[in-house]
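Q: Sharing a structure with you now.
The values are calculated or read from the model by the stated rules, or taken from the named source; none is laboratory data. Fair warning: this is a prediction, and the values are worked out from it, not measured in the lab. In this analysis, Cβ positions are derived from the backbone assuming ideal geometry, glycine residues included, and neighbour counts consider all displayed protein chains.
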Amino acid sequence: MAKIAICPGSFDPITNGHLDIIVRGAKVFDEVYVSILNNSSKKPLFTVEERIALIKEVTKNIPNVKVDAFDGLLVDYADSIGACAIIRGLRAVSDFEYEMQITSMNRLLNDKVETFFMMTNNQYSFLSSSIVKEIARYHGNIKELVPPEVEEALKEKFAQPSKK
Ligand code: PNS
(Lines give C-alpha, C1' and ligand atoms only; values in the text may rest on other atoms or scores of the structure.)
Protein backbone atom coordinates (compact mmCIF):
# COMPACT_ATOMS: atom_id res chain seq x y z
CA MET A 1 0.00 0.00 0.00
CA ALA A 2 1.31 3.44 -0.93
CA LYS A 3 2.59 5.48 2.02
CA ILE A 4 0.89 8.85 1.77
CA ALA A 5 2.02 11.86 3.83
CA ILE A 6 0.53 15.31 4.18
CA CYS A 7 2.55 18.48 4.36
CA PRO A 8 -0.13 20.79 5.82
CA GLY A 9 0.05 24.52 6.28
CA SER A 10 -1.16 27.96 5.36
CA PHE A 11 1.44 28.46 2.59
CA ASP A 12 0.60 32.16 2.30
CA PRO A 13 2.78 32.00 0.24
CA ILE A 14 4.99 28.93 -0.15
CA THR A 15 8.66 29.72 0.64
CA ASN A 16 11.96 27.99 -0.12
CA GLY A 17 11.83 26.64 3.43
CA HIS A 18 8.53 24.86 2.72
CA LEU A 19 9.83 23.64 -0.62
CA ASP A 20 12.93 22.17 1.04
CA ILE A 21 10.72 20.07 3.35
CA ILE A 22 8.39 19.02 0.49
CA VAL A 23 11.28 17.92 -1.76
CA ARG A 24 12.90 15.91 1.03
CA GLY A 25 9.56 14.46 2.20
CA ALA A 26 8.79 13.32 -1.34
CA LYS A 27 12.01 11.23 -1.28
CA VAL A 28 10.78 9.31 1.75
CA PHE A 29 7.05 8.85 1.09
CA ASP A 30 5.33 7.40 -1.97
CA GLU A 31 3.02 10.41 -2.22
CA VAL A 32 3.08 13.80 -0.52
CA TYR A 33 -0.01 15.96 -0.40
CA VAL A 34 0.79 19.63 0.09
CA SER A 35 -2.49 20.63 1.69
CA ILE A 36 -3.58 24.18 2.39
CA LEU A 37 -5.77 24.85 5.39
CA ASN A 38 -8.78 26.81 4.15
CA ASN A 39 -9.16 28.81 7.33
CA SER A 40 -11.83 31.48 7.15
CA SER A 41 -10.70 33.06 10.44
CA LYS A 42 -7.37 34.16 8.91
CA LYS A 43 -7.10 36.93 6.35
CA PRO A 44 -4.58 35.59 3.86
CA LEU A 45 -2.78 37.64 1.23
CA PHE A 46 -3.30 34.94 -1.42
CA THR A 47 -6.60 33.15 -2.03
CA VAL A 48 -6.62 29.37 -1.70
CA GLU A 49 -6.82 29.12 -5.50
CA GLU A 50 -3.79 31.39 -5.91
CA ARG A 51 -1.83 29.39 -3.34
CA ILE A 52 -2.75 26.10 -5.03
CA ALA A 53 -1.65 27.46 -8.41
CA LEU A 54 1.69 28.69 -7.01
CA ILE A 55 2.44 25.41 -5.22
CA LYS A 56 1.50 23.40 -8.32
CA GLU A 57 3.84 25.53 -10.40
CA VAL A 58 6.83 25.22 -8.06
CA THR A 59 6.37 21.47 -7.47
CA LYS A 60 5.55 20.55 -11.08
CA ASN A 61 8.80 18.57 -11.46
CA ILE A 62 8.15 16.35 -8.44
CA PRO A 63 5.84 13.61 -9.75
CA ASN A 64 4.72 12.26 -6.37
CA VAL A 65 3.56 15.63 -5.01
CA LYS A 66 -0.14 16.52 -5.08
CA VAL A 67 -1.62 19.88 -4.12
CA ASP A 68 -4.93 20.18 -2.30
CA ALA A 69 -6.90 22.25 0.23
CA PHE A 70 -8.86 21.16 3.27
CA ASP A 71 -10.96 22.50 6.08
CA GLY A 72 -11.91 20.95 9.39
CA LEU A 73 -9.59 18.71 11.35
CA LEU A 74 -6.31 17.67 9.78
CA VAL A 75 -6.61 14.08 11.06
CA ASP A 76 -10.08 13.72 9.47
CA TYR A 77 -8.68 15.01 6.21
CA ALA A 78 -5.78 12.51 6.57
CA ASP A 79 -8.32 9.69 6.87
CA SER A 80 -10.24 10.93 3.85
CA ILE A 81 -7.19 10.72 1.56
CA GLY A 82 -5.72 7.57 3.17
CA ALA A 83 -2.66 9.34 4.60
CA CYS A 84 -0.68 7.67 7.37
CA ALA A 85 1.64 10.58 8.13
CA ILE A 86 1.92 14.31 8.65
CA ILE A 87 5.20 16.02 7.88
CA ARG A 88 6.14 19.22 9.67
CA GLY A 89 9.31 21.27 9.35
CA LEU A 90 11.09 22.51 12.45
CA ARG A 91 13.13 25.66 12.07
CA ALA A 92 14.29 26.52 15.56
CA VAL A 93 13.59 25.60 19.17
CA SER A 94 10.88 28.27 19.18
CA ASP A 95 8.76 26.09 16.85
CA PHE A 96 8.93 23.15 19.19
CA GLU A 97 6.29 24.03 21.78
CA TYR A 98 3.55 24.79 19.26
CA GLU A 99 4.37 21.71 17.20
CA MET A 100 4.38 19.51 20.29
CA GLN A 101 0.94 20.84 21.22
CA ILE A 102 -0.68 20.21 17.84
CA THR A 103 1.04 16.83 17.47
CA SER A 104 -0.24 15.69 20.87
CA MET A 105 -3.76 16.84 19.99
CA ASN A 106 -3.67 15.14 16.62
CA ARG A 107 -2.50 11.90 18.22
CA LEU A 108 -5.29 12.12 20.78
CA LEU A 109 -7.81 12.61 17.97
CA ASN A 110 -6.42 9.86 15.74
CA ASP A 111 -3.46 7.75 16.77
CA LYS A 112 -3.25 6.04 13.38
CA VAL A 113 -1.74 9.16 11.83
CA GLU A 114 1.92 9.67 12.78
CA THR A 115 3.65 13.06 12.71
CA PHE A 116 7.19 13.28 11.37
CA PHE A 117 9.43 16.30 11.92
CA MET A 118 12.20 17.38 9.64
CA MET A 119 14.76 20.04 10.50
CA THR A 120 14.72 22.72 7.84
CA ASN A 121 17.93 23.44 6.03
CA ASN A 122 20.04 25.89 8.11
CA GLN A 123 19.75 28.62 5.52
CA TYR A 124 15.95 28.68 6.07
CA SER A 125 15.96 28.61 9.88
CA PHE A 126 14.60 32.12 10.18
CA LEU A 127 12.38 32.10 7.13
CA SER A 128 8.59 32.37 7.34
CA SER A 129 5.79 33.42 5.01
CA SER A 130 5.08 36.40 7.30
CA ILE A 131 8.66 37.67 7.09
CA VAL A 132 8.67 37.24 3.32
CA LYS A 133 5.42 39.25 3.03
CA GLU A 134 6.82 41.96 5.29
CA ILE A 135 9.93 42.34 3.13
CA ALA A 136 7.94 42.17 -0.12
CA ARG A 137 5.49 44.81 1.14
CA TYR A 138 8.39 47.28 1.32
CA HIS A 139 9.89 46.05 -1.94
CA GLY A 140 12.91 44.39 -0.32
CA ASN A 141 14.92 41.63 -1.97
CA ILE A 142 13.27 38.20 -1.51
CA LYS A 143 15.11 36.35 -4.28
CA GLU A 144 16.85 33.91 -1.96
CA LEU A 145 13.71 33.27 0.07
CA VAL A 146 11.04 32.17 -2.41
CA PRO A 147 10.84 30.54 -5.86
CA PRO A 148 10.81 33.05 -8.77
CA GLU A 149 7.07 32.47 -9.43
CA VAL A 150 6.26 33.44 -5.85
CA GLU A 151 8.54 36.47 -6.01
CA GLU A 152 6.64 37.60 -9.09
CA ALA A 153 3.25 37.00 -7.46
CA LEU A 154 4.28 38.99 -4.37
CA LYS A 155 5.51 41.85 -6.54
CA GLU A 156 2.11 41.93 -8.24
CA LYS A 157 0.23 41.86 -4.93
CA PHE A 158 2.20 44.73 -3.48
CA ALA A 159 2.04 46.73 -6.67
CA GLN A 160 -1.69 47.08 -6.00
CA PRO A 161 -2.20 50.13 -3.77
CA SER A 162 -5.18 48.50 -1.97
CA LYS A 163 -2.95 45.75 -0.51
CA LYS A 164 -0.43 48.15 1.06
O1 PNS B 1 1.40 26.79 8.34
P2 PNS B 1 0.73 26.69 9.67
O3 PNS B 1 -0.23 27.84 9.83
O4 PNS B 1 1.72 26.58 10.79
O5 PNS B 1 -0.15 25.33 9.66
C6 PNS B 1 -0.92 24.97 10.77
C7 PNS B 1 -1.83 23.75 10.46
C8 PNS B 1 -2.61 24.00 9.19
C9 PNS B 1 -0.95 22.53 10.27
C10 PNS B 1 -2.77 23.53 11.68
O11 PNS B 1 -3.35 24.74 12.03
C12 PNS B 1 -3.88 22.53 11.38
O13 PNS B 1 -3.62 21.37 11.18
N14 PNS B 1 -5.13 23.01 11.37
C15 PNS B 1 -6.28 22.19 11.04
C16 PNS B 1 -7.25 22.14 12.20
C17 PNS B 1 -6.87 21.03 13.17
O18 PNS B 1 -6.77 19.87 12.81
N19 PNS B 1 -6.64 21.40 14.43
C20 PNS B 1 -6.32 20.40 15.46
C21 PNS B 1 -4.85 20.37 15.75
S22 PNS B 1 -4.59 21.34 17.15
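Q: Within the range 46-63, how many residues are assigned to a loop (DSSP other than H, G, I, E, B), under 18 Å from K133 (Cβ atoms) and more than 15 Å from the ligand (Cβ to nearest atom)?
A: 1
Q: While we're on this one: Kindly indicate the residue of the range 1-34 that is among the β-branched types (V, I, T) and over 13 Å from the mean Cα position of the chain (by Cα) and also nearest to I81 (Cα to Cα) among those meeting that condition.
A: If we take residues in the range 1-34 being among the β-branched types (V, I, T) and over 13 Å from the mean Cα position of the chain (by Cα), then I4 is nearest to I81 (Cα to Cα).
Q: Kindly establish whether D79 is within 16 Å of the ligand (Cβ to nearest atom) and more than 16 Å from the chain's Cα centre (by Cα).
A: Answer is yes for this residue.
Q: Another one. Quick check on my filter: what residues within the range 32-59 are closer than 25 Å to F116 by Cβ and in contact with a helix residue (DSSP H, G or I) (Cβ under 9 Å, 6 or more places away or on another chain)?
A: V32, Y33, V34, S35, I36, L37, N38, L54, I55, V58, T59 - these are the residues of the range 32-59 that are closer than 25 Å to F116 by Cβ and in contact with a helix residue (DSSP H, G or I) (Cβ under 9 Å, 6 or more places away or on another chain).
Q: Report yes if K66 is out of contact with any Pro (no Cβ under 7 Å at 6 or more places or on another chain), in a loop (DSSP other than H, G, I, E, B) and either at pLDDT below 95 or more than 13 Å from the ligand (Cβ to nearest atom) (or both), otherwise no.
A: For K66, the condition - out of contact with any Pro (no Cβ under 7 Å at 6 or more places or on another chain), in a loop (DSSP other than H, G, I, E, B) and either at pLDDT below 95 or more than 13 Å from the ligand (Cβ to nearest atom) (or both) - is not met.
Q: Continuing with the same structure: Quick one: how many residues across the range 114-156 are aliphatic (A, V, I, L, M) and part of a strand (DSSP E or B)?
A: Total meeting the criteria: 2.
Q: I've got another one for you. Report yes if L37 is under 13 Å from the mean Cα position of the chain (by Cα) and away from the ligand (no atom under 11 Å from the Cβ), otherwise no.
A: No, not satisfied.
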